[in-house]
Amino acid sequence: MLDALTIGDFTFRSRLFVGTGKYKDLAETEEATRASGAEVITVALRRVNLADRGEGSLHSLLTKLGMTILPNTAGCYSAEEALRTARLARELLDTPLVKLEVIGDEKTLFPDNEATLEAAKVLVKDGFTVLPYCIDDPIVCKKLADIGCAAVMPLAAPIGSGLGIRNPYNLMIIREQIKLPVIVDAGVGTASDAARAMELGCDGVLMNTAIAGAKNPVMMAEAMRDAIAAGRKAFLAGRIDKKLYATASSPTSGLID
């Protein structure tokens, strides 16, 4: 598979990960998810009843779409809560995948680094494929990688803020130091933010509000799909060096008088 993204034992063609929250109904969820081209969709176990498998349920929709479900521990404020939620997800969905979130502050929704590291150690030891949501801190990301996480998911900006990438330099350092996939998570607002993340060399982007909260979620999903692909191609192509002064685009030798 050309330029596939591999996380643990899972391989994906799309580098766009999406969420399920904030859509007006299941029909809009389905249309936008299809338009995004994403293969992975994250679901908050504490907010969605995935035990409901009946017609018209979210689980039945995701099964119909053939999505890989990435359960997340959103809403957990301690390592213990996150561990219980992750284990419930594995029992319900028969998947080792988990997006680990341990929130440390209700206003900013920034992750609790200490609790995230604590929970990650236990989950990795228990055989989970752990994708931790974390601050864009190279040191924390390195520690999570050393623990054995399958990827790291540093934020671009606070969840749902739409502020875009606030610290591209930290993301560049993380990408340089971490040999695992780096998935930018949280804070993306529009397509240029997604493209920028990919141009920096990140391996993927996870978003929910940027699509579901748009005036036209389906069109925004298409825009994000295209931005991820364009940004990845630009990174692989290798951009030109930045220069202070102009450089003629046409040859300067052999000019005709």
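The values are calculated or read from the model by the stated rules, or taken from the named source; none is laboratory data. Please read these numbers as outputs of a predicted model, since none were measured by experiment. Neighbour counts are summed over all protein chains in view; Cβ atoms, including those assigned to glycine, are modelled from backbone coordinates with ideal geometry. For the accessible areas, the whole protein counts, side chains as well, though only heavy atoms, and no ligand, DNA or RNA atoms are used. Shrake-Rupley method; radii C 1.70, N 1.55, O 1.52, S 1.80 Å.
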Anything in the range 43-57 that is part of a loop (DSSP other than H, G, I, E, B), open to solvent by less than 50 Å² (accessible area, probe 1.4 Å) and not polar (S, T, N, Q)? List them, or say none. LEU45, VAL48, LEU50, GLY54
Residue tally, condition within 13 Å of LYS99 (Cβ to Cβ) and part of a helix (DSSP H, G or I), over the range 1-42: 0
Breaking point among (1) within 20 Å of VAL40 (Cβ to Cβ); (2) open to solvent by 80 Å² or more (accessible area, probe 1.4 Å); (3) part of a loop (DSSP other than H, G, I, E, B), for ILE159: (2)
Looking at the range 191-211, which of its residues are under 11 Å from the mean Cα position of the chain (by Cα) and closer than 20 Å to GLY21 by Cβ? ALA194, GLY204, VAL205, LEU206, MET207, ASN208
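Each row is one residue, and each column tells you yes or no for (1) at pLDDT below 95; (2) part of a helix (DSSP H, G or I).
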| site | (1), (2) |
| --- | --- |
| ILE174 | no, yes |
| LYS179 | yes, no |
| ILE183 | no, no |
| GLY187 | yes, no |
| LYS215 | no, no |
| MET219 | no, yes |
| ALA223 | no, yes |
| SER250 | yes, no |
| SER253 | yes, no |
Does at least one position in the range 96-117 carry a residue that is open to solvent by less than 30 Å² (accessible area, probe 1.4 Å), more than 22 Å from GLY187 (Cβ to Cβ), of a type outside the set (Gly, Ala, Ser) and within 18 Å of the chain's Cα centre (by Cα)? yes
Hey, does the range 58-76 have a residue that's exposed (fewer than 15 other Cβ atoms within 10 Å of the Cβ), over 21 Å from the mean Cα position of the chain (by Cα) and outside any helix (DSSP H, G or I)? no
Show the residue pairs meeting these rules: Cβ distance below 6 Å; 6+ apart or different chains; first residue within the range 122-147 and of a type in the set (D, E, K, R) and open to solvent by less than 20 Å² (accessible area, probe 1.4 Å); second residue part of a loop (DSSP other than H, G, I, E, B) and modelled with pLDDT under 95. none
